[in-house]
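The values are calculated or read from the model by the stated rules, or taken from the named source; none is laboratory data. Since this is a predicted model, take the numbers as computed values, not measurements. Cβ placement follows ideal geometry from the backbone for every residue including glycine, while neighbour counts extend to all protein chains displayed. Ligands, DNA and RNA are stripped out before the accessible areas are found, and what is left, the full protein with its side chains, is counted by its heavy atoms. Shrake-Rupley method; radii C 1.70, N 1.55, O 1.52, S 1.80 Å.
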Amino acid sequence: MPRYDRIVILTGAGLSAESGIATFRDKDGIWSRYNIEDVATPQAYARNPERVLDFYNMRREGLAGKQPNAAHKALARLEAEHKGEVVVVTQNIDNLHEAAGTKRMIHMHGELLSAWCLACGTRQAWPAPITLTSTCPHCTGVGRLRPDIVWFGEMPYQMEAIYEHLSEADLFVSIGTSGNVYPAAGFVAEARQNGVHTVELNLEPSEGASLFHETIHGPATRVVPGFVDRILRGE
Ligand code: BV8
C-alpha cells in the first residue's frame, strides 16, 4: 500500500541544470545576463518585439541536443509505477519532462516550442524561430505570433487546475526552484494549509525552505532518483 496516494510535483530550472540548460538566479544564470524588464514582460514585447523574439529564439535554439537527465527520468518512472496519481507542474519552458516520458503535466509558464497567435488565440507547436513576419496558419496567415510564454505580470496557465490538484494531494514535492516567483512560490503554503506533506529537493535551501516538512539538499540527478525509490517503496 503506498504511503501517498495523490502526489503533486513542482519543478524549476534546477531540474534541467544538469542537462545543460541555464538556471535564472544562480551565479551566471540568465537573469545575471539579461534584465527581466527588457525581455520577459508584455511591456518589453510592446516596446521592442524583436529583442524579445531574439531572446526566446536563442533559448529555443539552445534546446537542440539537450537530453532529459536522471531526475527527469526518475519522475517519469514515478508516474508510470506509482499506484496513485502523479501530476507534474513545471515552471520550466523546456520539453525535457515530455522527452523523459512524463504524460500528466502542466507547463504553468508556457513552452518554448509553442507559439501563441495574437489574433485567434491558438497555441500551437512551433519548433522554428518566431520572427516579426511569422504568421498563424490557423487564421490563414494574418495573425501575428508571439512566444507561448507567461511573462512577468501575466497570469500563469491552468491555475484553477493546479489549486485543485493541491487541494486533493497528500504529498507536495518542490524540486530545483529557488522559490522567488509567485504564484508558484506560494504552493508550499497552500499545500500545508490543506494538510499536505511537503518536501523540498534542491541544491541548497530555497527562499521558502523553512516552510517544508522535509528538505533534502543535493544535485537533482542524485537526490530525485533516491526520493522516487523511497516513494515507490511506500516509505
Ligand atoms: C502573476 C517564463 C497574477 C519566462 C517565468 C507577490 C505575490 C504574487 C505575485 C507577485 C508578488 N510579487 C511580485 C509578483 C509578480 C511576479 C513575481 O513573482 N515576481 C517575483 C520576481 C517577485 N509574478 C508574476 O508576474 C506571475 N504572474 O503573479 O499573475 C497571479 C497571482 C496569483 C495567482 C495567479 C496569478 C508570472 C510569473 C511568470 C514569469 N515567467 N518564466 C522565461 O523563462 O523566460 S518565471 C522565471 O522564474 C523563470 O522563467 C522560471 O520559470 C521561474 C522560476 O525560477 P526557478 O525555476 O526557481 O529558477 P531559479 O534560477 O530561480 O532557481 C533555480 C534553483 O535550482 C536554485 O535554488 C538552485 O539552487 C537550484 N539548482 C541549481 N542547480 C541544481 C539545483 N537544484 C537541484 N539540482 C541542481 N543541479
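Within the range 99-134, work out how many residues are farther than 22 Å from residue 154 by Cβ, surrounded by fewer than 18 Cβ atoms within 10 Å (Cβ to Cβ) and free of Cβ contacts under 8 Å to residues at least 60 places away in the same chain.
Counting residues in the range 99-134 that are farther than 22 Å from residue 154 by Cβ, surrounded by fewer than 18 Cβ atoms within 10 Å (Cβ to Cβ) and free of Cβ contacts under 8 Å to residues at least 60 places away in the same chain gives 6.
Could you list, in sequence order, the residues of the range 103-117 that are farther than 15 Å from residue 76 by Cα and part of a loop (DSSP other than H, G, I, E, B)?
Within the range 103-117, 108, 109 qualify.
Taking the criterion of being outside any helix (DSSP H, G or I) and among the small types (Gly, Ala, Ser), would at least one residue in the range 66-82 satisfy it? Outline the logic, then answer.
As a first pass, look at the range 66-82 and keep what is outside any helix (DSSP H, G or I): 66-69, 82.
If we keep only those that are among the small types (Gly, Ala, Ser) too, we end up with none.
No: zero hits.
Please tell me if residue 235 is open to solvent by 40 Å² or more (accessible area, probe 1.4 Å) and more than 10 Å from the ligand (Cβ to nearest atom).
Considered against the rule, which asks whether it is open to solvent by 40 Å² or more (accessible area, probe 1.4 Å) and more than 10 Å from the ligand (Cβ to nearest atom), residue 235 comes out as yes.
Of all the helices (runs of 4 or more DSSP H) wholly in the range 151-232, which have at least 2 residues that are of a type in the set (Gly, Ala, Ser) and touching a helix residue (DSSP H, G or I) at 6+ places or on another chain (Cβ under 7 Å)? Reasoning before the result, please.
Working: elements: 159-168, 187-193, 220-232.
So the answer is 187-193.
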